[in-house]
Amino acid sequence: MALPGAGPRVVVLAGGVGGAKFTLGVREALARRGAPEATVVVNTGDDLWLSGVRLQPDIDSILYALAGQNDTQRGWGRAGDTERVNEELQAWGAGWPWFTLGDLDLGTHLARTGWLREGLTVSDVVERLSRRWPLGVRLLPMTDAEADTYVVLEDGSRLHFQEWWTRHRAALTPLRFENPGLVSAAPAPGVVEAIASADVVLFAPSNPVVSLGPILAVPGMREALLATAAPVIGVSGIIGGRVVRGMADVCLTAIGVETSASGVASHYGARSGDGLLDAWLLAEEDAGLADVVAAAGIRPEVTALWMTDASASASIVDTALRVAGL
Ligand code: FO1
């Protein structure tokens, strides 16, 4: 239960763009209640080394969005960024011709890489990056280990997730996704503790396979979620049987999950069975699937799920908090 006078302690598991929009809603919903205390556990499977610098696209998407520094049109990178250094890198034949590094964004990557080279952990670096702007929530990486996602194709070849996503636009049929760095990884400091002392754990409407998938695959994460007394509530990123953004349908098909609100809920599974969810928010367009979700042992809650702005996202969070009894 929330302490008297304090806001509910909310933990969010989140990926990039969907996670950022949802996190803005978490911050607004909690600010309205007076005492925000949210921890956002962010996917680091999208991370990569490129031109000698370490990129953390999901961390940066959420950081920039909370700071009001994000490019809302493009969905990634900094607002008003320029590409002078990128042009120079391309002229040298360095990096990837299909992957743009903005000048301001490169400042972040250089700062991060410098700190990593000095021996700071990924958690330390995320904490330092979080100091510049008042974010209103605490960001934690899912793990301190390097756990980049790789895509294994039908012919057995393997490529980095970012090459598959940005160069091939997910057009190469994946056989499976893997995060070799997770074998000996552990949740980042503070993650298990935050989940254990939470009043509610929320799954953002992020890609269930390549955003929440890596977070849930960190050794110890499922155990932490199963052990917490807090209800675990997911939000569907599928509305009316379609993915809202990104290419989650390709990822879901690859792992044999139907692209539907109920398919994803069943994929996460019911905590009353061997799964993770107590409740699942599904869109009004998918109200007909509520019975299927309930039959899977997960409490369905039908609500408006379009995250058109922070206020709409906050309404979704309010609904989740109400379902959690907060
Ligand atoms: N996405 C693209 O489609 N093209 C790019 O050139 C690109 C550059 C980029 C640079 C930094 C960064 O943090 C993200 C970037 N993204 C780019 C987005 C990213 O590849 C993916 O959309 C996310 O990782 C998926 O969540």
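The values are calculated or read from the model by the stated rules, or taken from the named source; none is laboratory data. Every value quoted in this text rests on a predicted model; they were computed, and no experiment measured them. Neighbour counts run over all protein chains shown; Cβ positions are idealised from the backbone, glycine included. Side chains included, ligands, DNA and RNA excluded: accessible areas come from the protein's heavy atoms. Shrake-Rupley method; radii C 1.70, N 1.55, O 1.52, S 1.80 Å.
Go through segment 63-88 and report how many residues are within 12 Å of the ligand (Cβ to nearest atom), open to solvent by 40 Å² or more (accessible area, probe 1.4 Å) and closer than 29 Å to Thr39 by Cβ.
3
Among what's in segment 94-120 and is open to solvent by 30 Å² or more (accessible area, probe 1.4 Å) and of a type in the set (Phe, Trp, Tyr), pick the residue that is nearest to the ligand (Cβ to nearest atom).
Trp98
With respect to Thr143, determine if the residue is more than 16 Å from the ligand (Cβ to nearest atom) and either touching a helix residue (DSSP H, G or I) at 6+ places or on another chain (Cβ under 6 Å) or within 29 Å of Ser184 (Cβ to Cβ) (or both).
Yes: the conditions hold for Thr143.
Tell me which of these Pro189 doesn't satisfy, since it passes every other one: (1) open to solvent by 20 Å² or more (accessible area, probe 1.4 Å); (2) within 25 Å of Trp76 (Cα to Cα); (3) in a loop (DSSP other than H, G, I, E, B); (4) not hydroxyl-bearing (Ser, Thr, Tyr).
Failing condition for Pro189: (2).
Residue under question is Thr44, and the condition is that it be part of a loop (DSSP other than H, G, I, E, B), more than 10 Å from the ligand (Cβ to nearest atom) and buried (at least 16 other Cβ atoms within 10 Å of the Cβ); does it hold?
So Thr44 fits the description; yes.
Among the numbered criteria (1) within 13 Å of the ligand (Cβ to nearest atom); (2) more than 14 Å from the chain's Cα centre (by Cα), which single criterion is violated by Leu225?
(1)
Do you know which residues across segment 207-222 are outside any helix (DSSP H, G or I) and more than 12 Å from the chain's Cα centre (by Cα)?
Residues satisfying the conditions are Val218, Pro219, Gly220.
Could you check segment 47-61 and list, in sequence order, the residues that are open to solvent by 20 Å² or more (accessible area, probe 1.4 Å), more than 7 Å from the ligand (Cβ to nearest atom) and not hydrophobic (A, V, I, L, M, F, W, C)?
Passing the criteria: Ser51, Gly52.
Suppose we filter Ala91, Ala31 for residues that are more than 11 Å from the ligand (Cβ to nearest atom), part of a helix (DSSP H, G or I) and free of Cβ contacts under 8 Å to residues at least 40 places away in the same chain; which single one remains?
Being more than 11 Å from the ligand (Cβ to nearest atom), part of a helix (DSSP H, G or I) and free of Cβ contacts under 8 Å to residues at least 40 places away in the same chain holds for just one of Ala91, Ala31, which is Ala91.
Can you name the residue in segment 231-256 that is assigned to a loop (DSSP other than H, G, I, E, B) and crowded, with 24+ Cβ neighbours inside 10 Å and is also farthest from the ligand (Cβ to nearest atom) among such residues?
Ser236
Are any of the residues in segment 146-166 out of contact with any Asp or Glu (no Cβ under 7 Å at 6 or more places or on another chain), buried (at least 22 other Cβ atoms within 10 Å of the Cβ), modelled with pLDDT of 95 or more and under 23 Å from Leu281 (Cβ atoms)?
No, because not a single residue in segment 146-166 is out of contact with any Asp or Glu (no Cβ under 7 Å at 6 or more places or on another chain), buried (at least 22 other Cβ atoms within 10 Å of the Cβ), modelled with pLDDT of 95 or more and under 23 Å from Leu281 (Cβ atoms).
Evaluate the following for Asp199: is it of a type in the set (D, E, K, R) and touching a Leu at 6+ places or on another chain (Cβ under 9 Å)?
Yes.
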